[in-house]
Amino acid sequence: MNVAGLSEEQRMIREGVLDLLATHLPWEKIRKMDEAREFPHQAYNALAKAGYLGIFFPEALGGAGGSHKDIAVFLETLGYYYTGIAQAVTTTAIYAGMHVAKFGSPELQQAIVPKIISGAAKLALAMSEPGTGSDVAGINTNARREGDDFILNGNKVWITCAHVANYLVVITKTDTQAARHQGMSTLLVDTKAPGVTIKPLAMLGRRTTHANEVFFENVRVPATNLIGEEGRAWKNIMKCLGLERMALAAISAGHCFKITEYAREYAQQRVQFGKPISDFQVIQHKLVDMLIMSETARQSVHRVAELLDEGHPAVQETSIAKIVCTENNFRCADIGLQVLGGAGYSMEYDMQMFFRDSRVGPIGGGSNEIQRNVIAKQMDL
């Protein structure tokens, strides 16, 4: 895999991560873990122990203060090796952890972020609800103030990794009379608190980091666990989107390269009509198209990382990258499955897992339809 354009430190990140995962998450175990829906605890803990989870956080909070380009390289590498470990890391460190790191009180930051970096605490973001997926402003989960606590009630769904989380970052209404985008707040909820129930869901792909349904019944949450100002959750959610979308794109870009290599190796070994099918131009063109999509995805991620590192909001560019990378990811898997033919459709080969794991990309993290809405608005349409 060509890694031109990386700094020496970024090359070291890539090589170190791949070596670590080969030891703590050997490929022959992944299919079994996928079938058993087993979270990759050993690999996750090894990444934390090696200090890689610190890349997301500033030095003031005990992190390594990585650039967006560093983070992109790290996540592309994880996505290349196995999307499940990539999703395990980003769920805690970015989708949930960034709310604490960016908007939490100093006390909350010092209590939680070092635990994220060390691997001692896992988090999950609880935002979607049965009646509100893309329509986040329409949430019904609510929390009312009672003395020094909030009393939380409601139901969340499609909550990735909630089953292994120590804390949930919950988006809730604290003022049910406020306008749609007002009165929303963010609370850090201990998953062991009385009244919290987590129900695992059977998902098509990403089974090792599957989604869950979460129920809150009169859950008492200390007011000190309020993340950011009360009623300002919507604005804070918007401030996290750039990094979130870049992360999703980077993982998908890495997965594109993995699928392309897997299909190429199969084509070079599969013999039909007396020669490897990779000798046939029709197969060569499919593999070339897959590589083009892989490289295009990577370039869009690096472009976004550079813009974010320069301080640009990159609203349009992050949405474009999310669309390009996740759709290229699924198209690569679809073409790769065709290259393998019957083997691709068999559960005995890894391509079926790549196909299943890639399909969530255009759905999750803000559907690609929503991303197109964002771009249209940027175009004054």
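The values are calculated or read from the model by the stated rules, or taken from the named source; none is laboratory data. Keep in mind it's a predicted model, so treat the numbers as computed, not measured. Backbone-built Cβ (ideal geometry, glycine too); neighbour counts: all protein chains shown. Heavy atoms of the whole protein, side chains included, go into the accessibility calculation; ligands, DNA and RNA do not. Shrake-Rupley method; radii C 1.70, N 1.55, O 1.52, S 1.80 Å.
Going through the cross-link list Lys102/Lys199; Lys173/Lys322; Lys156/Lys199; Lys322/Lys377; Lys235/Lys377; Lys239/Lys322, which pairs have a Cα-Cα distance over 19 Å in this structure? Please report the intermediate quantities before stating the final value.
Values: Lys102/Lys199 29 Å; Lys173/Lys322 28 Å; Lys156/Lys199 10 Å; Lys322/Lys377 16 Å; Lys235/Lys377 17 Å; Lys239/Lys322 16 Å.
Too far apart for the 19 Å limit: Lys102/Lys199; Lys173/Lys322.
In terms of Cα to Cα distance under 23 Å, which lysines are near enough to Lys29, apart from those fewer than 8 places away along the same chain?
Lys49, Lys122, Lys258
What length, rounded to one decimal in nm, is gained on full extension from Glu295 through to Gln272, with 0.36 nm per residue of separation minus their alpha-carbon distance? Let's see the in-between values first.
On the way: separation 23, 0.36 × 23 = 8.28 nm, distance 2.92 nm.
Here the segment from Glu295 to Gln272 would lengthen by 5.4 nm.
Rounded to the nearest 500 deg cm²/dmol, what is the calculated helix-only ellipticity per residue at 222 nm for the chain, with -39500 (n - 2.57) per DSSP H run of length n ≥ 4?
Values: 12 runs with 189 residues, N = 381.
Helix-only estimate at 222 nm: -16500 deg cm²/dmol.
When Lys and Arg each count +1 and Asp and Glu each count -1, what net charge do the other residues less than 13 Å away from Ile283, Cβ to Cβ, add up to?
Details: positive: Arg264, Arg270, Lys275, Lys286; negative: Glu265, Asp279, Asp289.
Within the 13 Å Cβ shell, the charges total +1.
Hey, if you put +1 on the Cβ of every Lys and Arg and -1 on every Asp and Glu Cβ in the chain, which of Tyr44, Leu243, Val219 ends up farthest toward the positive end of that dipole?
Checked the options; the winner is Val219.
Once you place label points 7 Å from the Cα toward the Cβ at Gln42 and Thr197, how far apart are they in nm?
Calculated label separation equals 3.5 nm.
Find how much the distance from Asp309 to Asp135 grows on full extension, using 0.36 nm per residue of separation minus their present alpha carbon separation; answer in nm with one decimal. Don't skip to the answer; put the middle values down first.
Numbers: separation 174, 0.36 × 174 = 62.64 nm, distance 2.96 nm.
Contour length minus Cα-Cα distance gives 59.7 nm.
Considering only the other residues whose Cβ falls under 15 Å of the Cβ of Glu317, what net charge follows from Lys and Arg at +1 and Asp and Glu at -1?
On the way: positive: Lys69, Arg245, Arg298, Arg303, Lys322, Arg372, Lys377; negative: Glu244, Glu306, Asp309, Glu310.
Here the count lands on +3.
For Arg11, Arg270, Arg31, give the ranking by accessible area with the largest first, probe 1.4 Å.
Solvent-accessible surface, decreasing: Arg270, Arg11, Arg31.
What's the FRET efficiency of Asp149 with Lys32 using the Cβ-Cβ distance as r and R₀ = 56 Å, to the nearest 0.05? Display every interim value, and only then the final one.
Values: r = 43 Å, r/R0 = 0.78.
With R0 = 56 Å, the Cβ-Cβ based efficiency is 0.80.
What do you get for Rg/Rh over the chain if you use C-alpha atoms and the Kirkwood form of Rh? Can you show the working numbers first?
Values: Rg = 21.0 Å, Rh = 21.3 Å.
A ratio of 0.98.
Under 15 Å from the Cβ of Leu152, count the other residues' Cβ atoms, weight Lys and Arg +1, Asp and Glu -1, and hand me the total. Before the final figure, lay out each step's value.
Working: positive: Arg144, Arg145, Lys156, Lys173, Lys192, Arg220; negative: Glu129, Glu146, Asp148, Asp149, Asp175, Asp190, Glu217, Glu230.
Net charge around Leu152: -2.
Using θ = phi - 60° and the Karplus relation 6.51 cos²θ - 1.76 cosθ + 1.60, list the HN-Hα couplings for region 95-105 in order, rounded to whole Hz, with x at every Gly or Pro.
4, 9, x, 5, 5, 5, 5, 8, 10, x, 5
Would you compute the Debye intensity of region 229-324 from its alpha-carbon atoms alone, equal scatterers and no solvent, and pass along log10 I(q)/I(0) at q = 0.11, 0.24 Å⁻¹ to two decimals?
The Debye formula, applied to the Cα set alone, gives -0.47, -1.09.
Please give the FRET efficiency for Thr23 paired with Met379, using the beta carbon to beta carbon distance and R0 = 45 Å, rounded to the nearest 0.05.
After rounding, the FRET efficiency stands at 0.40.
Can you give the charge dipole size of the chain about its Cα centre, rounded to the nearest 20 debye, using +1 on the beta carbon of Lys and Arg and -1 on the beta carbon of Asp and Glu?
Numbers: 38 positive and 40 negative charges, 107 e Å.
The calculated dipole for the chain is roughly 520 debye.
By how many nm would the segment from Tyr345 to Ile363 grow when fully extended, if each residue of separation counts as 0.36 nm and the alpha-carbon distance is taken off?
Details: separation 18, 0.36 × 18 = 6.48 nm, distance 2.26 nm.
Residue separation times 0.36 nm, minus the Cα-Cα distance, leaves 4.2 nm.
Using only protein heavy atoms and a 1.4 Å probe, report how much of Trp158 is accessible, in Å² to the nearest 10.
Solvent-accessible area, nearest 10 Å²: 150 Å².
Mind jotting down a quarter of the surface of the convex hull over the alpha carbons of region 132-287, in square nanometres, one decimal? Intermediate results must be reported in sequence, preceding the final value.
Details: hull surface 49.0 nm².
Spelled out: convex hull of the Cα atoms, projected over all directions, averaged, 12.3 nm².
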